[in-house]
Amino acid sequence: NAGVTQTPKFRILKIGQSMTLQCTQDMNHNYMYWYRQDPGMGLKLIYYSVGAGITDKGEVPNGYNVSRSTTEDFPLRLELAAPSQTSVYFCASRTANTEAFFGQGTRLTVV
Amino acid sequence: DQQVKQNSPSLSVQEGRISILNCDYTNSMFDYFLWYKKYPAEGPTFLISISSIKDKNEDGRFTVFLNKSAKHLSLHIVPSQPGDSAVYFCAASSPYTNAGKSTFGDGTTLTVKP
């Protein structure tokens with residue numbers, strides 16, 4: 001049981017480049033979330049999904065897109081990367097009334 | 001407006017003593033509260049939770065207290081151990097509404113000295 005798996009672990013992007021952060025969970029959780037954590041700050045919600053085919057914006061969605069074609073996968077797409085998107089990104093999943101399980105994070109630097 | 005606040009960015013305690021981490025919230029719709037622990041270069045992991053129908057929940061060395069009237073919760077760790085050194089995040093949510101989204105505080109870095 002791998003839990004929540006994120007790839008890649010580290011990435012350096014140039015300004016204006018695009019990339020997709022992958023997130024897969026094997027716990028059959030309906031709810032999935034993408035957070036970003038800036039230094040010294042808490043987790044800010046980017047996008048979330050309550051099930052396959054359903055996604056919605058969180059607190060800080062600008063510059064990002066998501067899709068949820070399957071229960072297992074919830075990729076986060078960055079278009080036209082900007083230095084403000086330098087952060088650590090965490091994917092999480094949960095069932096209706098349990099705690100969230102987090103991936104190990106993706107450390108992204110935009111230069 | 002930050003709905004969940006952890007006013008102490010850091011806390012240092014001696015091994016064997018009690019650690020008390022505090023968290024305040026403003027949204028009275030929150031009815032489920034969680035503490036997560038995070039080590040460097042890892043994702044947060046769940047530690048303990050409490051529903052708004054309770055005022056205390058205990059799990060081994062960890063106890064969470066909830067004061068609904070003050071909109072305040074605290075995490076007590078007794079006795080503290082060096083392995084407890086980590087960042088602790090308080091989170092609040094409404095599990096059955098709003099897609100169960102959690103709002104996180106900024107975290108408190110706990111250092112337990114041997």
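Report the A-B buried area as the accessible area lost on both sides summed, probe 1.4 Å, in Å² to the nearest 100. The buried area between A and B, both sides summed, comes to about 1600 Å².
Annotation: amide H-H contacts under 5 Å for A:Tyr31 (H modelled 1.01 Å from N, sequence separation of 5 or more, or interchain): A:Arg94.
Highest average first, the peptides B:34-41, A:42-49, A:77-84 ordered by how many other beta carbon atoms sit within 10 Å of their residues are A:42-49, B:34-41, A:77-84.
For a paramagnetic label modelled at 7 Å from the Cα of A:Asp56 toward its Cβ, which residues of region B:10-32 fall within the zone defined by backbone nitrogen distances under 19 Å? Taking a point 7 Å out along Cα→Cβ of A:Asp56, the residues of region B:10-32 whose backbone N falls under 19 Å are B:27-32. The residues of region B:42-89 listed by number as losing at least 20 Å² of accessible area in the complex, against the isolated chain and with a 1.4 Å probe, are B:Glu42, B:Gly43, B:Pro44, B:Phe46, B:Phe89.
Only counting protein heavy atoms at a 1.4 Å probe, give the residues of region A:42-86, ordered by number, whose accessible area falls by 30 Å² or more when the other protein chains are present relative to the chain alone. For region A:42-86, once contacts with the other chains are taken into account, A:Gly42, A:Leu43, A:Tyr48 lose 30 Å² or more.
What FRET efficiency comes out for the pair B:Gln3/A:Ser18, r = Cβ-Cβ distance, R0 = 35 Å, nearest 0.05? Taking R0 as 35 Å, the efficiency between B:Gln3 and A:Ser18 is 0.60. Under the simplified labelling scheme, the A:Lys44-A:Thr98 pair shows an inter-label distance of 3.0 nm, with each label point 7 Å from Cα along Cα→Cβ. Take the Cβ atoms of B:Arg17 and A:Thr70, set R0 to 35 Å, and the FRET efficiency comes out at 0.15.
Average accessible surface for region A:4-110: 46 Å² per residue, computed with a 1.4 Å probe over protein heavy atoms with every protein chain in place.
For B:Arg61, the accessible area of its heavy atoms, probed at 1.4 Å with every protein chain present, is near 60 square angstrom. Treating r as the C-beta distance of B:Met29 and B:Lys56 and R0 as 22 Å, the FRET efficiency rounds to 0.55.
Take each residue of peptide B:101-114, count the partner chain Cβ atoms within 10 Å of its Cβ, and average: the result is 3. A protection proxy built from the mean count of other Cβ atoms within 10 Å ranks the segments A:18-24, B:18-24, B:68-74, most packed first, as B:18-24, A:18-24, B:68-74. For the charge dipole of region A:4-110, defined by +1 on Lys and Arg C-beta atoms and -1 on Asp and Glu C-beta atoms about the Cα centroid, which residue among A:Pro75, A:Leu21, A:Ile54 has the Cα displaced farthest towards the positive pole? After comparing all options, I get A:Leu21. What a 1.4 Å probe finds exposed on region B:4-113 is 50% carbon and sulfur by accessible area, rounded to a whole percent. Residues of region A:78-111 with an amide N closer than 16 Å to a point placed 7 Å from the Cα of B:Tyr39 along the Cα-to-Cβ direction: A:102-105. Applying a threshold of 29 Å to the alpha-carbon distances of A:Lys44/B:Lys68; A:Lys14/B:Lys5; A:Lys9/B:Lys68; B:Lys37/B:Lys113; A:Lys9/B:Lys56; A:Lys14/B:Lys37 flags A:Lys14/B:Lys5; A:Lys9/B:Lys68; A:Lys9/B:Lys56; A:Lys14/B:Lys37 as lying beyond it.
Ignoring ligands, DNA and RNA, please state the percent of accessible area on region A:3-69 from carbon and sulfur, probe 1.4 Å. With neighbouring chains kept in place, the figure for region A:3-69 is 50 percent.
The values are calculated or read from the model by the stated rules, or taken from the named source; none is laboratory data. What you see is a predicted model, and the numbers here were worked out from it, not measured in a lab. No Cβ is skipped: glycine too gets one built from the backbone with ideal geometry, and neighbour counts run over all protein chains shown. With ligands, DNA and RNA removed, areas are computed over all heavy atoms of the protein, side chains included. Shrake-Rupley method; radii C 1.70, N 1.55, O 1.52, S 1.80 Å.
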